[in-house]
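Peer 1: Before we start, here is the structure in question, set down as structure tokens.
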Amino acid sequence: MAVDYRVHAYEVINQRLDLVASRMSGSLQSQGYDALPIRATERVDDERFRAEFSHKLAAHLAGLGWIGKSCLLITPETGPRVRWTTVLTNAPLAETGEAMDERCGDCEQCVEICPVNAFAGRAFRTDEPREVRYDASKCDGYFAKMKEKDPEVAVYGMCLYVCPYGRRRKLAK
């Protein structure tokens with residue numbers, strides 16, 4: 001089951017997001033605008049574990065959520081259980097949101113559950129580098145060890161699972 005989850009949650013969903021971004025870019029271009037789809041997940045810096053563009057920072061600045069203590073973007077509706085893609089364009093789009101204030105408060109469930117202590121438990125600040133709050137190499141190393149043990153079952157993300165945002169909707173039903 002873990003293999004199916006990993007394949008679906010990462011590979012299939014990312015392919016779908018990339019397709020949506022490509023179609024949206026094509027539509028914008030056919031209307032005379034410049035448009036550049038940014039792939040959902042593509043690491044370009046293996047040393048610092050970075051992509052060419054931060055979808056989560058863009059989503060945060062657009063008012064779709066806040067960056068939590070897990071360094072993931074958390075939305076009020078689904079918590080960190082989201083995937084993102086981006087289309088950069090010069091189309092005249094109206095601004096519809098503004099950066100959302102952090103709502104984690106005293107909660108540190110993501111920090112406490114992390115098996116490699118990758119999170120410092122600090123709130124996001126635009127003037128600090130990610131490394132002050134999160135050691136991505138710890139997550140990457142943990143995942144690599146899991147893949148060595150059993151490549152068919154290697155998944156992680158307890159920080160996503162434990163986040164109370166998004167789970168509230170299920171519990172309320």
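The values are calculated or read from the model by the stated rules, or taken from the named source; none is laboratory data. All figures in this text were calculated on a predicted structure; none of them were measured in a lab. Note: ideal-geometry Cβ built from the backbone for every residue, glycine included; neighbour counts use all protein chains shown.
Peer 1: Of these, Arg133, Arg122, which one is closer than 25 Å to Tyr156 by Cβ and either touching a strand residue (DSSP E or B) at 6+ places or on another chain (Cβ under 7 Å) or modelled with pLDDT of 95 or more (or both)?
Peer 2: Arg133
Peer 1: Could you look through the stretch 63-99, keep only residues that are without any contact (Cβ under 8 Å) to a residue 40 or more places away in the chain and surrounded by 15 or more Cβ atoms within 10 Å (Cβ to Cβ), and pick out the one that is farthest from the chain's Cα centre (by Cα)?
Peer 2: Checking each candidate, the answer is Ala99.
Peer 1: Follow-up. Can you find a residue that is surrounded by 13 or more Cβ atoms within 10 Å (Cβ to Cβ) and charged (D, E, K, R) anywhere in the stretch 111-123?
Peer 2: yes
Peer 1: Name the single residue that is modelled with the lowest pLDDT among those in the stretch 65-79 being of a type in the set (Val, Ile, Thr) and within 15 Å of Gly157 (Cβ to Cβ).
Peer 2: The selected residue is Thr78.
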